[in-house]
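> Structure below; questions to follow.
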């Protein structure tokens, strides 16, 4: 049976307002209608192209027509289908999956007369209820029925669907016009005898000649036709399809397909797709790109992975095969881009080594591509730079071990962006990056298929920020023309990214592949390498500010009920700082001995630290609860693991400094004393807490002050840069220090030469830090509990009642005592209860110890909380925290991300090491390494979050540094104290003090020492220089955001120096003099400086 017209009803006035926000089952139903209209059984004898009509169309116009009614047309008249059937039209209504629509076409064509094929309303409801897209579709009709005989299958369908022919409808109408049942039966029989009822058509022979592969190609043509029509309108262009040529080519191709002539059918289909491509090239004449982004998981089906590799490796070019060119669309190569972390790759290799071997072979041939690189999707922006680089290096090792190469495009599923990232990626050899996350978080939402992302240091990397579409979602493909047109109109390179898992559950991605096999109608599928290797593509440049980024880490860690969502960062920063001291001592000892810096023990220790460091949890909440319960029994074991790491760090530090001291002890004197090592590349003044039982040193040019009485022995020392000082034991009483202008201790006041600290007897916190006499207030501080909602209560003052509205608890100080006093250190201890003022409920008790040291421009604070009520709401609005306030609302406030200082603008922000408050004449720095979550309150107050969620830490410490212009230096002075070895006879033969290396700027910090890389002839002019006997590398970072020249002074003249990238390749050779090495650093640059001695 042929139809005058084949059309689909759409729930809008025209394609200009085509729906893009339908629910999943309705979207699938609508798209499938447009695809199956182009089934070869329907278009073989068509007189016009399949079309669409709006829902309001009158049924009378559908005579001799085939009408598809998708489920999106839910408000259609209940008797619409019956009325169309009555007028001689065929209706297929209410189906969803493609197999259901195809089976319906088979049924109505077999009937060979106008037919109503409709899903009953109750079945609609069941289908929608059972429809779960991520878990696959409801079983299709073909799955439910064994189609041994078409007539038998049709009879089984009748039991589940409403199927009615026009003959049956007329018979029913006749029967209703007669009142008596016997007369009705008589009329029905007479009608059956007199009417010419068409015979049922057997389609089995025709379907047996139709290739299933070709059948899917025709439906892909229908899908392409819809997408081109929608894309034309999105591009503000009138449809210009050559209807006659397209109809004739499609009809001829369909006839050839039904006759079993596959080559002819494919040639006809190729012509159809070329006609659609011509339409697209009218309004977008250059190439557009499609990227198939496959998200691999350790449990991926190995057969699916094998099929993907086979399809990607298909030969489609006569030059490649050496054979006759295949028929169009029959042998196409489909490139796929996989995304997974190295840890997931490792799990996949353990479960499916054969699949990984296949992936490695196909990748090596350039048929597929990988993006990734890191070992784990960790909260990178909240971790030290060294932890980030370790994660990369570990991931590279895993990739190279399993797949024989590592990705050239960086990507990750979870949030992990910062403005330092382009520099790090560039130095590690990456060619491109993805600037989007399949996760929460705030980051710049500009979408570009290709642009150059500029980092904080000025380096660029090719980047894609176009957010992927879900390739397994019908709703996504309703938006496909809109998304592609956005890229065509706003991008220099048009493209769409389609993300999916290896197991495809919808036909849309397959349709796109089939379309691209014939012609790049909607775009050409490419790998990342192919997309970014086009040199003629112009890329715009974009520079983003760090204040445009905010990670979802805190909310996710609390939502997953992870233990210690905040303090785990603090512990990690502390362990990393301890490792830095160990690496410094080990490196100096090996450099002095001219030994290589490779140290397997340190690498193992670093891996142990990173193994218990913070990660971005990927486990869904439903399964996380089970794993969390299983791990509760292992809590003690986990704590023991962390404890063992701390023990190993202590032992490693002691061993490293003992070896270094043994070198210095050669030829040393026999006077009793102590050795003090400074791991920082700058001279500094700091406080050393002397161990009990050890003899105190005598006062000298190095030892500025000594306090031997009180709860702790304290020594203030001046140390040379990256060196040592030998301190002789005191043999006589220490001289008294000069008197201060004002008493060092008064009631609730602590002073030294530079400032005074006033303790608030009501809150137990710091009422004010200020300079001497009439200097302005610099900072105040207290601990508080923040309620999720504003509290309102009445407070009586001097008999007057005042209504107070506040988000914070009410403090009541119970104790304020001077607990240590002496010539060097003084401290005040307070104990404060925090109350809920509405319920008069005690929430917690806070113990605060505030210390001030003679000769030092910083204040140390220790906190201990005894919590009675834990915060339970949103962690950003319900927490225990430290409240800070300063006097100048116009002060410039800077926070740090990985040592680099940046401004911020939102109330919620992250700062991993410090917060700097710069006023016109004063500079105050709050040092809180590893306490990354903060909330601004107006222009001169902020909160630092301490306890929320399942936080178990109760002890905290921070430092307030005054008038130190280099915040990075102040931070390292706090986190990396000098290393003390007592009972060391001396002085050393080399002198009472000495230095090994020295930086001329406090704004440049030493991150770590690294082994020297072999010099290659093609990489360095000094590769064959026999004078170069020994080398090492320093990784340094500029922290102030200003380009500067760094002078590295060395204890012996350097023969050669170079700046290298993180893979060991030379960036530039450096100027060396007798005093050291000179290098220019960009703002926030993390540079590796390699120095060679003769």
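> Report yes if residue 503 is in contact (Cβ under 8 Å) with a residue 40 or more places away in the chain, surrounded by fewer than 17 Cβ atoms within 10 Å (Cβ to Cβ), in contact with a helix residue (DSSP H, G or I) (Cβ under 7 Å, 6 or more places away or on another chain) and not in a strand (DSSP E or B), otherwise no.
Numbers: in contact (Cβ under 8 Å) with a residue 40 or more places away in the chain: yes; surrounded by fewer than 17 Cβ atoms within 10 Å (Cβ to Cβ): yes; in contact with a helix residue (DSSP H, G or I) (Cβ under 7 Å, 6 or more places away or on another chain): yes; not in a strand (DSSP E or B): yes.
Here the answer is yes, as residue 503 does meet what is asked.
> What number of residues within region 1036-1062 are over 17 Å from residue 458 (Cα atoms) and touching a helix residue (DSSP H, G or I) at 6+ places or on another chain (Cβ under 8 Å)?
1
> Report the residue count in region 606-625 for those that are at pLDDT below 80, assigned to a helix (DSSP H, G or I) and surrounded by fewer than 16 Cβ atoms within 10 Å (Cβ to Cβ). Lay out the reasoning, then the answer.
Taking region 606-625 and keeping what is at pLDDT below 80, we get 616-625.
From what is left, the residues that are assigned to a helix (DSSP H, G or I) are 621-625.
Then drop every residue that is not surrounded by fewer than 16 Cβ atoms within 10 Å (Cβ to Cβ), which leaves 621-623, 625.
Of the residues in that region, 4 qualify.
> Within region 376-393, which residues are within 23 Å of residue 338 (Cβ to Cβ), surrounded by fewer than 24 Cβ atoms within 10 Å (Cβ to Cβ) and at pLDDT 95 or above?
388, 392, 393
> OK, next. Looking only at residues in region 663-677 that are touching a helix residue (DSSP H, G or I) at 6+ places or on another chain (Cβ under 9 Å) and at pLDDT 90 or above, which one is surrounded by the most Cβ atoms within 10 Å (Cβ to Cβ)?
675
> So which helices (runs of 4 or more DSSP H) are wholly in region 226-337 and hold at least 1 residues that are on the phi < 0 side of the Ramachandran plot and modelled with pLDDT of 90 or more? Spell out the reasoning first.
Details: elements: 243-258, 262-283, 302-312, 318-321.
Hits in region 226-337: 243-258, 262-283, 302-312.
> Pick out, from region 731-793, the strands (runs of 3 or more DSSP E) lying fully within it that include 2 or more residues that are over 41 Å from the mean Cα position of the chain (by Cα) and under 21 Å from residue 840 (Cα atoms). I'd like the intermediate steps shown before the answer.
Working: elements: 749-751, 756-759, 766-770.
Per the criteria, no element qualifies.
> On to the next question. Which members of region 1042-1062 meet the condition of being under 30 Å from the mean Cα position of the chain (by Cα) and surrounded by fewer than 16 Cβ atoms within 10 Å (Cβ to Cβ)?
1042, 1043, 1061
> At least 1 residues that are under 16 Å from the mean Cα position of the chain (by Cα) in each: list the helices (runs of 4 or more DSSP H) lying fully within region 352-437 that qualify. Working first, answer last.
On the way: elements: 353-364, 385-403, 421-427.
Passing ranges, in order: 385-403, 421-427.
> Tally time: how many residues in region 20-48 are in contact with a strand residue (DSSP E or B) (Cβ under 8 Å, 6 or more places away or on another chain) and closer than 18 Å to residue 94 by Cα?
5
> Looking only at helices (runs of 4 or more DSSP H) that fall completely inside region 1-96, which ones have 3 or more residues that are without any contact (Cβ under 8 Å) to a residue 40 or more places away in the chain?
Details: elements: 24-36, 40-43, 80-86.
In region 1-96, the matching helices (runs of 4 or more DSSP H) lie at 80-86.
Every residue, every condition in (1) assigned to a strand (DSSP E or B); (2) touching a strand residue (DSSP E or B) at 6+ places or on another chain (Cβ under 6 Å); (3) not assigned by TED's automatic domain parsing to the domain that holds residue 900, yes or no:
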{"position": "971", "(1), (2), (3)": "no, yes, no"}
{"position": "980", "(1), (2), (3)": "yes, yes, yes"}
{"position": "983", "(1), (2), (3)": "no, no, yes"}
{"position": "989", "(1), (2), (3)": "no, no, yes"}
{"position": "1002", "(1), (2), (3)": "no, no, yes"}
{"position": "1005", "(1), (2), (3)": "yes, yes, yes"}
{"position": "1008", "(1), (2), (3)": "yes, yes, yes"}
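This table checks each residue for (1) closer than 22 Å to residue 8 by Cβ; (2) more than 48 Å from the chain's Cα centre (by Cα); (3) in the same structural domain as residue 52 (by TED's automatic domain parsing); (4) touching a residue at least 60 places away in the same chain (Cβ under 8 Å).
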position: 228; (1), (2), (3), (4): yes, no, no, yes
position: 252; (1), (2), (3), (4): no, yes, no, no
position: 258; (1), (2), (3), (4): no, yes, no, yes
position: 262; (1), (2), (3), (4): no, no, no, yes
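> In region 553-563, which residues are in a loop (DSSP other than H, G, I, E, B) and either crowded, with 21+ Cβ neighbours inside 10 Å or touching a strand residue (DSSP E or B) at 6+ places or on another chain (Cβ under 8 Å) (or both)?
Here is the first cut: in region 553-563, the residues in a loop (DSSP other than H, G, I, E, B) are 560-562.
Result: 561, 562.
> Now for a different question. Just to check your reading of the model, which residue among 702, 715, 645 is modelled with pLDDT of 90 or more, surrounded by 15 or more Cβ atoms within 10 Å (Cβ to Cβ), assigned by TED's automatic domain parsing to the domain that holds residue 609 and closer than 29 Å to residue 968 by Cβ? Walk me through it before giving the result.
Numbers: 702 fails: assigned by TED's automatic domain parsing to the domain that holds residue 609; 715 fails: assigned by TED's automatic domain parsing to the domain that holds residue 609.
On inspection, the qualifying residue turns out to be 645.
> When region 564-605 is examined, which residues are found to be in a loop (DSSP other than H, G, I, E, B) and buried (at least 22 other Cβ atoms within 10 Å of the Cβ)? If you could, list the steps in order and put the result at the bottom.
First pass over region 564-605, keeping only residues in a loop (DSSP other than H, G, I, E, B): 564-566, 593-599.
Hits for region 564-605 are 565, 566.
> Just one of the numbered conditions (1) more than 26 Å from residue 964 (Cα to Cα); (2) surrounded by fewer than 15 Cβ atoms within 10 Å (Cβ to Cβ) is not true of residue 739; which one?
Exception for residue 739: condition (1).
> Quick check: anything in region 54-65 within 25 Å of residue 171 (Cβ to Cβ) and either touching a strand residue (DSSP E or B) at 6+ places or on another chain (Cβ under 7 Å) or assigned by TED's automatic domain parsing to the domain that holds residue 239 (or both)?
Checking region 54-65: at least one residue is within 25 Å of residue 171 (Cβ to Cβ) and either touching a strand residue (DSSP E or B) at 6+ places or on another chain (Cβ under 7 Å) or assigned by TED's automatic domain parsing to the domain that holds residue 239 (or both).
> Next question. Answer yes or no as to whether residue 483 is part of a loop (DSSP other than H, G, I, E, B), free of Cβ contacts under 8 Å to residues at least 40 places away in the same chain and either farther than 21 Å from residue 22 by Cβ or not assigned by TED's automatic domain parsing to the domain that holds residue 273 (or both). Before the answer, list the steps.
Numbers: part of a loop (DSSP other than H, G, I, E, B): no; free of Cβ contacts under 8 Å to residues at least 40 places away in the same chain: yes; either farther than 21 Å from residue 22 by Cβ or not assigned by TED's automatic domain parsing to the domain that holds residue 273 (or both): yes.
For residue 483, the condition - part of a loop (DSSP other than H, G, I, E, B), free of Cβ contacts under 8 Å to residues at least 40 places away in the same chain and either farther than 21 Å from residue 22 by Cβ or not assigned by TED's automatic domain parsing to the domain that holds residue 273 (or both) - is not met.
The values are calculated or read from the model by the stated rules, or taken from the named source; none is laboratory data. Since we're looking at a predicted model, the values are computed, not measured. Heads up, the Cβs are rebuilt from the backbone with ideal geometry, glycines too, and the neighbour counts pull from every protein chain shown.
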